[in-house]
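J.: Quick one: the structure is below, questions incoming.
The values are calculated or read from the model by the stated rules, or taken from the named source; none is laboratory data. All values reported here derive from a predicted model rather than from experimental measurement. Glycine gets a Cβ as well: all are built from the backbone with ideal geometry, and neighbour counts include every protein chain shown.
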């Protein structure tokens, strides 16, 4: 007599084979994968860094003109925040959209919680933050921002970042506040509000260990720093000469503060409205140097071993990339990858640097030790590049 259990197992294997034949998608891990945002077409290009190849193009992601991406802790899923309010969960193994919701009218990025269970999205319209279940994309919490004085709308939200302790932090552009959401006790968060942090906070960064949240101010000089080990100490103003008020040049593109980098006890910072990279002591947050560079810097990124600092620029100098020695602060190379270099991303161990050349229609791969280009892939108006290794970094 045949074993009925064996028959059930055979039927299950047959059904699984029909759904995803092994000849269609080979067995692979996810730690070597990444995505490139193709902003003009609302698509993602799925890439593999070891082979320096493109594996697939995934469409149906809406408006990606200011898109950012975070990854699930198992590195299988990418969560894409679109400018049209879309939150899209993409399966990197099946190379397709898993789930998608339109959760707002205009969103500006988001974050994934420390345990990987929650996705927070910052919204311009309606102003506030919405938090979703990472598996189902079901709405968990809806936290409206402070209304404007005239009652016309809520403040726009910027700089949404995950912080240790199952928390999120973000700033309110129109009302000059920073809010800290604590989900450690469940899905009804405790909210700590920091008021009067400065005029028009436009973006923010978190230091790598997750201690300091620093918001840049669009409407005045200086920055606002919060020590998350001691939030009861409130907001400290730092770098009073940093910002828009004293700029000598028109600002063609505001630098993203997540484009700051720390190398040892130094912070390398794009100067707003100046052709300089500022160097700060990351223990005192005092400026120690200013490095003259080819244009207005946008992203200032350290090679993972912190030996080099790579810098790209705003228009009209965005055809160039410069490399700075982190010890001597000397420029050791000026490269010209092509027109409109928008974004750069190192592999986790720093053996490759990938960069997007939007107007050249390509993604380039460089060896950051020899400073030579080693590969090129075609892409449709590429912008952001995100590797799945980001899943294990706080504040990205």
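J.: Residues being more than 17 Å from residue 136 (Cβ to Cβ) and either surrounded by fewer than 18 Cβ atoms within 10 Å (Cβ to Cβ) or without any contact (Cβ under 8 Å) to a residue 60 or more places away in the chain (or both): count how many of those fall in the stretch 70-84.
T.: Qualifying residue count for the region: 4.
J.: Out of all the residues in the stretch 267-281, which are crowded, with 19+ Cβ neighbours inside 10 Å and in contact with a strand residue (DSSP E or B) (Cβ under 6 Å, 6 or more places away or on another chain)?
T.: 267, 268, 269, 270, 271, 277, 278, 279, 280
J.: What tally of residues in the stretch 99-136 results from selecting those that are buried (at least 17 other Cβ atoms within 10 Å of the Cβ), in contact with a strand residue (DSSP E or B) (Cβ under 6 Å, 6 or more places away or on another chain) and closer than 15 Å to residue 76 by Cβ?
T.: Going through the stretch 99-136 one residue at a time, the tally reaches 3.
J.: Further, regarding this structure: Residue 319 fails exactly one of the following numbered conditions: (1) at negative phi; (2) in contact (Cβ under 8 Å) with a residue 24 or more places away in the chain; (3) not in a strand (DSSP E or B). What is the number of that condition?
T.: Every listed condition holds for residue 319 apart from (2).
J.: Can you confirm whether residue 363 is within 18 Å of residue 55 (Cα to Cα), buried (at least 16 other Cβ atoms within 10 Å of the Cβ), touching a strand residue (DSSP E or B) at 6+ places or on another chain (Cβ under 8 Å) and touching a residue at least 24 places away in the same chain (Cβ under 8 Å)?
T.: yes
J.: Quick check: is even one residue across the stretch 183-197 farther than 16 Å from residue 144 by Cβ, assigned to a strand (DSSP E or B), in contact (Cβ under 8 Å) with a residue 40 or more places away in the chain and within 20 Å of the chain's Cα centre (by Cα)?
T.: no
J.: Go through the stretch 210-229 and give me each residue that's at pLDDT 90 or above and out of contact with any strand residue (DSSP E or B) (no Cβ under 7 Å at 6 or more places or on another chain).
T.: 229
J.: Can you tell me which of (1) in a loop (DSSP other than H, G, I, E, B); (2) surrounded by 21 or more Cβ atoms within 10 Å (Cβ to Cβ) is the one residue 87 doesn't meet?
T.: With respect to (1) in a loop (DSSP other than H, G, I, E, B); (2) surrounded by 21 or more Cβ atoms within 10 Å (Cβ to Cβ), residue 87 is out only on (1).
J.: Looking only at residues in the stretch 330-342 that are in a strand (DSSP E or B) and touching a helix residue (DSSP H, G or I) at 6+ places or on another chain (Cβ under 9 Å), which one is surrounded by the most Cβ atoms within 10 Å (Cβ to Cβ)?
T.: For the stretch 330-342, the residue satisfying everything is 341.
J.: How many residues are farther than 23 Å from residue 375 by Cβ and assigned to a loop (DSSP other than H, G, I, E, B) when one looks only at the stretch 36-74?
T.: Of the residues in the stretch 36-74, 13 are farther than 23 Å from residue 375 by Cβ and assigned to a loop (DSSP other than H, G, I, E, B).
J.: Separate question: Those residues that are touching a strand residue (DSSP E or B) at 6+ places or on another chain (Cβ under 7 Å) and crowded, with 20+ Cβ neighbours inside 10 Å, I need them from the stretch 384-394; list them, please.
T.: If the condition is that a residue be touching a strand residue (DSSP E or B) at 6+ places or on another chain (Cβ under 7 Å) and crowded, with 20+ Cβ neighbours inside 10 Å, then 384, 385, 386, 387, 388, 391 are the ones that fit.
J.: Now a separate question. What number of residues in the stretch 268-295 are within 20 Å of the chain's Cα centre (by Cα) and either in a strand (DSSP E or B) or over 15 Å from residue 241 (Cα atoms) (or both)?
T.: Residues meeting the conditions: 3.
J.: Return the residues of the stretch 340-359 that are under 18 Å from residue 322 (Cβ atoms) and either in contact with a strand residue (DSSP E or B) (Cβ under 7 Å, 6 or more places away or on another chain) or without any contact (Cβ under 8 Å) to a residue 24 or more places away in the chain (or both); say none if nothing qualifies.
T.: Matches in the stretch 340-359: 340, 341, 342, 343, 344, 345, 346, 353, 354, 355, 356, 357.
J.: Applying the selection to the stretch 106-128, what residues are in a loop (DSSP other than H, G, I, E, B) and either in contact (Cβ under 8 Å) with a residue 60 or more places away in the chain or more than 14 Å from residue 85 (Cα to Cα) (or both)?
T.: Answer for the stretch 106-128, where residues must be in a loop (DSSP other than H, G, I, E, B) and either in contact (Cβ under 8 Å) with a residue 60 or more places away in the chain or more than 14 Å from residue 85 (Cα to Cα) (or both): 113, 114, 115, 116, 117.
J.: Could I ask something else about it? What residue, among those in the stretch 204-213 that are in contact (Cβ under 8 Å) with a residue 24 or more places away in the chain and surrounded by fewer than 23 Cβ atoms within 10 Å (Cβ to Cβ), is nearest to residue 231 (Cα to Cα)?
T.: 210
J.: Hey, could you check the stretch 370-383 for residues that are assigned to a strand (DSSP E or B) and surrounded by fewer than 22 Cβ atoms within 10 Å (Cβ to Cβ) and say which is modelled with the lowest pLDDT?
T.: 383
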